[in-house]
Structures are given as structure tokens and as C-alpha cells.
Amino acid sequence: MKQIRIAICGTGFAGDYTLRSYSMMPHQNGVELEIAGVVSGRQENAQRFADQHGVTNAYSSHEEMLAEAKPHIDNICCANFAHGPYTMEAARAGVPVIVLEKPPVIWPGFPDGRTASAETRKRESMAYLAEVLDVVRDSGSRLLYAEDFVYLDGIKGIVELLREAAQQDKGRVLYQRGVCAHQGSHAPAYDTPSLSGGGALFNKACHPLGPALYLKQVEGLLLRGCPIRPVRVSAAALQVLKHQPEGAGDHFRVMQNVDDFGRITVVFEDQTIAEVIGHDLSISGIRNEFSAITDFAQYDIRVNPNNENELFLPEAAAAGDVLLREKLPTAQGTSFPRPNQFYSHGYVSEMCDAVQCALDESRVPQSGPLMAWDTMAVLMAAYESSDAGSQFVDVSEYTTEGRQFEARELPSPEELGTVFQRQ
């Protein structure tokens, strides 16, 4: 019996779905998963979460948890401002696999109360992330950047087709587009830049950005032996609801300090395009969609909502406290329920990758340091572009001409898995 000790850092929504996702993982012979510790900045929150989920050990100190629980996997799903410090603490403690929620870090000037131009924030944020990734690299830990959209069954399907197409000199991803939206995060930290790092562009557009970056990485690895990287970014980050009459925000959380709409256009080094949108203006609950047009096919993924299931309820009360799909404001009327939502959103496959990495020292996470780095470069350049009237901003100094990644920090498309049957 191989026991994998798992730590959960954060007791909010992300911590909850992370812990529940481990319990939904496919069976693996001879493997026992133990939630060895839960961490929150407030001991009472950690204890409440531990009691709710049947976890023995609750901590208010991340370092104390690392010393006592000695986890094989440390899941950093707390507020964004703690991502960098916790990642470095885990690496220095020798944790084999560190699962870091999105976005990777926030601008280090936010906690200090500083102000600076978007270009300065980009430069300092990338320098800070470089420090974090260097500590992970030097420690021998493996970083899984927790972009769940990379682990969607639909993305696995596209990669499976790209592997087949590459054998016929096909498989070039030409145009990608994606959306992540709902009516505003309930996390208290979300509307505070020093805690969240940004709004809809930073915390929602990052989701469809993940698979867009990943598919170009995969394409490059399959066809030329190295990833295809982003080089230019144009974007708009706006505050829509803040400037409307008060009644316009009745069904939303109206952000006062961060953007509630973000649009990013990414140009890759091979002159292909990705367009992604994140916003807090979806009145009907969460919307997650992604499409890819290649030189051999078009693949459209409707993650949530999806009309695979349809329900009509004359009265919402009949459903009790059942959440039919994430952020759905009412169950009344016609809706499209999403059973096993944690699986359909990629969380279970993501955690499965972490466990497989913990079991096999030679395995690399599919979404790793390269994904974290390029994501951060694009997001920070996007705010710079927005401030400059959506002019294109060059990011090649950080991507094609910047930080280089070792083989153990790159994805392995052959290990992502398969979702289709064979004839």
C-alpha cells in the first residue's frame, strides 16, 4: 500500500472542490490518499473545514503544517497574495508535488501599498515569478499549475486528434477562442487588488487562456520538438457595472476596484491567434466555452452550460439546496444541469495528474512551470495593453527570447491520456 499525504491550503471554494476532487479520483490499486492537513490563516476556519470534511489536523501556519504533516502533494488554493510565499515554502520543505492555483502570483507591490505603471507591474511580477520558479527548480519539486481547463475531456480529445494528425504532417492550431464568465466571485478577496491581483481579466480570462497556450505547446512539441510560445498581446480590461445605475447591478456582484470584463488577443510566434474573454456579466450562472480551429478540423467544447441534460422545475423549492450547475442563481424554469461538475470542469483529472506525479518521480505535470510563466506574461502584458488603448505589447522578452525551461518542466502530450475509443 502506497500512502500519499495531501495538504489543502485554503478553506474557501477552491479548497473545497480540491478536497472533494481527490475523493472522486479513479481507483488506483495499492494507493491510499490521506488528507494530512488543512491550512488557513485563521485557525477557526481551518478547524471548521477539517471538521466538515473529517480531516484530523488543522493548522494556521503553512510552515508548521509542512513540518508536521510532510505532504507529498501541497495544494495551494488560498488567496492569490499567498501563492508565491507558500510555493517557495513548500519547495524548500522538499514537497515532491506542488499544486498551485491560478493565477501564479500577484504583483509584489500590491501588498506594500505601492502604485506603478502596468509596464512596471509586469516587469516586477515576472521577476518575482522567476524567483518562485527558481526555488521550485532548485529544490527538485515539480510544480503543477492548476489550470483545470487544460484537463477538460474536450482538451484531451483535441490533443488525441493532434497526435494522430501529426503523423500526416497536420495538426496546426490556427485560431482559438474561449470564454469564462459568471456574475461575480463570492470570494471576499476578489474585489481587493492587493489580495486578488486583478479582476475578470486576471482571474477569469486566464481559464480559456490556459488551454490556448497548452494546445500551442503540444502542437510545437509534436511537430518541431519544442513549444510554440506567445509573442504579442492586445487587451481591454474594463469596469462595466460600476458605471451603471444602481439597479443594473441587482443580479451581480458589482466590483468597485477591479475589472469586471477582460478581453485578450494573443499572437503566437507562428502568427496564429487566440482570443479569450473573462467577465462578471453572466446573469445565468457560469459559462465555460472553448473552440479550436486547426488545419484539419474544428473542435467546439461547451463545458457549462451543456444541453446534454435538461430540467424543468415549475418551483425552485422542489430542488432543495441542490446546485444544478455552478453559480446558477435559481433552479426555477428550464435549466441544463451539470452532473459531476468537478469532473466535467477538469478538477478530478487535474488532481489525478498530481497523484500520478507523486507516485512516479519521472512524470511531469501537463500544466507546469511553462504554463504558469507564459500565462503570467500574457496577463500582465494584457493590463499594460489595456492601459495603452489596446495596443499590442511584445512579450517575446519573456517567452521566445526569455526564460528557458528544462525537459522536466515541459508537458508530455503522450501522457495526457485518451478519451476516444478505437476502431
Surrounding charge for ILE277, neighbours by C-beta under 14 angstrom, Lys/Arg +1, Asp/Glu -1, total -1
Along region 382-398, Karplus-curve 3J(HN,Hα) (6.51, -1.76, 1.60; θ = phi - 60°) to the nearest Hz, with x for Gly and Pro, reads 5, 5, 5, 5, 4, 5, 9, x, 6, 5, 5, 10, 7, 10, 4, 4, 9
Calc'd 3J(HN,Hα), region 349-361, phi into Karplus 6.51 cos²θ - 1.76 cosθ + 1.60 (θ = phi - 60°), Hz, glycine/Pro = x, comes to 5, 4, 5, 5, 4, 4, 5, 4, 5, 5, 7, 10, 5
At R0 = 22 Å the Cβ-Cβ FRET efficiency linking SER362 and ALA67, nearest 0.05, sits at 0.20
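Taking the DSSP beta bridges in the chain as the whole, what percent of them are antiparallel, to the nearest 5? Please list the in-between numbers first.
Numbers: 34 of 64 bridges.
Among the beta bridges of the chain, antiparallel pairing accounts for roughly 55 percent.
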Here the gain from full extension of ALA116 to ASP250, 0.36 nm per residue of separation minus their alpha-carbon distance, amounts to 44.9 nm
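At a threshold of 8 angstrom on Cα-Cα distance, excluding pairs fewer than six apart, so keeping six or more, what relative contact order does the chain reach in percent?
19
Could you list the trypsin sites (Lys or Arg not before Pro) in region 390-423 that lie in coil according to DSSP, counting only those with at most 12 other Cβ atoms within 10 Å of their Cβ?
Qualifying residues, ordered by number: ARG422.
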With 0.36 nm assigned to each residue of separation and the Cα-Cα distance removed, ASP153 to GLN168 gains 3.0 nm
Residue-normalised 222 nm signal for the chain, counting each DSSP H run of n ≥ 4 as -39,500 (n - 2.57), nearest 500 deg cm²/dmol, is -10000 deg cm²/dmol
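For an R0 of 35 angstrom, estimate the FRET efficiency from the Cβ-Cβ distance between LEU323 and LEU281 and round to the nearest 0.05.
Efficiency, from the Cβ-Cβ distance: 0.95.
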Unit-weight point scatterers at every alpha-carbon of region 150-344, Debye formula, q = 0.17, 0.20 1/Å: log10 I(q)/I(0) is -1.13, -1.31
Counting all Cα-Cα pairs in the chain, those more than 31 Å apart amount in percent to 37
Given chymotrypsin sites (Phe, Trp or Tyr not before Pro), DSSP loops and at most 15 other Cβ atoms within 10 Å, the longest exposed-site-free stretch of the chain is 1-295
Residue span GLU315 to VAL419: 0.36 nm per residue of separation minus Cα-Cα distance leaves a gain in nm of 33.7 nm
If amide H atoms are modeled at 1.01 Å from N in the peptide plane, then the residues at a separation of 5 or more from GLU101, or on another chain, having amide H under 5 Å from its own are ILE76, ALA146
Under 20 Å by backbone N from the virtual spin label 7 Å along Cα-to-Cβ at MET24, the residues of region 340-370 are 340-357, 366-367
For GLU160 and GLU308, extending 7 Å from Cα along the Cα-Cβ vector and measuring point to point gives, in nm, a value of 1.3
Residues other than HIS62 with Cβ under 10 Å of its Cβ, Lys/Arg counted +1 and Asp/Glu -1, net out at -4
Rg from C-alpha atoms of region 11-153, normalised by the globular rule of thumb 2.2 N^0.38 Å, equals 1.11
The summed charge of the PHE268 Cβ neighbourhood (under 15 Å; Lys/Arg +1, Asp/Glu -1) stands at -2
With R₀ set to 22 angstrom, the calculated FRET efficiency between the beta-carbons of GLN391 and GLN298, to the nearest 0.05, is 0.15
Check: C-alpha center region 35-103 vs C-alpha center region 169-244, spacing in Å is 26
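Can you list, largest first and rounded to whole Å, the semi-axes you get for region 287-368 by taking the square root of 5 times each eigenvalue of its Cα gyration tensor?
Semi-axes, largest first: 33, 20, 8 Å.
None of the figures in this text is laboratory data; all of them are computed from the coordinates on show. Remember, predicted model here, so these are calculated numbers, not experimental data. Using ideal geometry, Cβ is built from the backbone for each residue, glycine included, and neighbour counts are taken over all protein chains shown.
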